[in-house]
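In what follows, a structure is listed as structure tokens, so that the remarks can point back to it.
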Amino acid sequence: MQTAAFVPGDVVRVLALVSVVVGTWWSGPVATALFLLVLGGAMVPRVISASTALDVAYCSTILFAAWAAQLDWYVAVSWLDVVVHAVATGLIAVLGVEALQFWGVVGRDRPRSELALLVVGLGAVLAVLWELGEWAGNAWLDRRIQVGYPDTMGDLAAGLAGSVVAAAVVGRRA
């Protein structure tokens with residue numbers, strides 16, 4: 001498999017790498033962990049040779065989400081958390097399905113309806129895992145990580161909605 005020396009998503013990956021340094025300097029070890037997670041996640045589309053549109057949209061969204069948390073934008077803009085959960089979960093689910101196809105876990109010849117259902121299911125599971133991570137982060141690392149019943153339910157609903165929208169797009173394009 002040959003990959004291009006440079007693709008547009010690499011710009012966002014460089015920003016993610018810079019964010020590890022800046023976030024560590026600015027906010028400490030929790031930010032370091034967050035931005036390392038973003039940097040690792042941003043490598044996935046490069047490894048699987050995702051389309052440029054998916055690569056840039058996914059990487060930009062997860063990097064934006066991390067900075068929004070660090071800069072307390074979710075506190076300042078009440079609806080932003082739900083929007084980011086919807087967009088990020090949909091993109092992560094699509095990328096996840098593409099990764100499963102790349103690694104041979106899911107056949108590339110699957111019917112559109114099956115791929116769409118897989119996007120919804122994967123998105124729902126990932127939304128639950130993310131919320132468990134938020135709870136653990138709040139309980140064990142940093143009380144500023146926002147949790148609570150309304151937040152969790154809103155995030156789960158947004159993640160599921162984002163996955164359904166992403167599935168509809170995948171279903172039309174597959």
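What to note about this one:
- Solvent-accessible area assigned to carbon and sulfur over the range 98-174 amounts to 67 percent, based on a 1.4 Å probe.
- Fraction of accessible area attributable to carbon and sulfur, the range 1-70 (%, probe 1.4 Å): 76 percent
- Nearest-ten-degree value, helix 80-102 long axis tilted from longest Cα axis of the chain: 40 degrees
- One quarter of the convex hull surface built on the alpha carbon atoms of the range 5-76 amounts to 4.7 nm², the projected area averaged over directions.
- Ligands, DNA and RNA are left out, and with a 1.4 angstrom probe the accessible area of the chain is 56 Å² per residue.
- For the range 115-174, fraction of C-alpha pairs farther apart than 19 Å, in %: 37 percent
- Shape analysis of the range 30-129 yields a ratio of the Cα radius of gyration to the Kirkwood radius, Rg/Rh, of 1.00.
- For the chain, a Kirkwood hydrodynamic radius built from all Cα pairs, placed in the Stokes-Einstein relation at 20 °C and 1.002 mPa s, yields a translational diffusion coefficient of 129 µm²/s.
- Once the Cα atoms are used to define both axes, helix 149-173 deviates from the longest principal axis of the chain by about 20 degrees.
- The chain, relative contact order in percent, only Cα pairs under 8 angstrom and at least six apart counted: 23 percent
- Debye log10 I(q)/I(0) for the range 75-174, one point scatterer per Cα, at q = 0.10, 0.16, 0.19, 0.23 Å⁻¹: -0.30, -0.67, -0.85, -1.08
- Between helix 112-140 and the chain there is an angle of about 20 degrees, using the helix long axis and the longest principal axis of the Cα atoms.
The values are calculated or read from the model by the stated rules, or taken from the named source; none is laboratory data. A quick note: this is a predicted structure, and the numbers were derived from the prediction, not measured. Ligands, DNA and RNA are stripped out before the accessible areas are found, and what is left, the full protein with its side chains, is counted by its heavy atoms. Shrake-Rupley method; radii C 1.70, N 1.55, O 1.52, S 1.80 Å.
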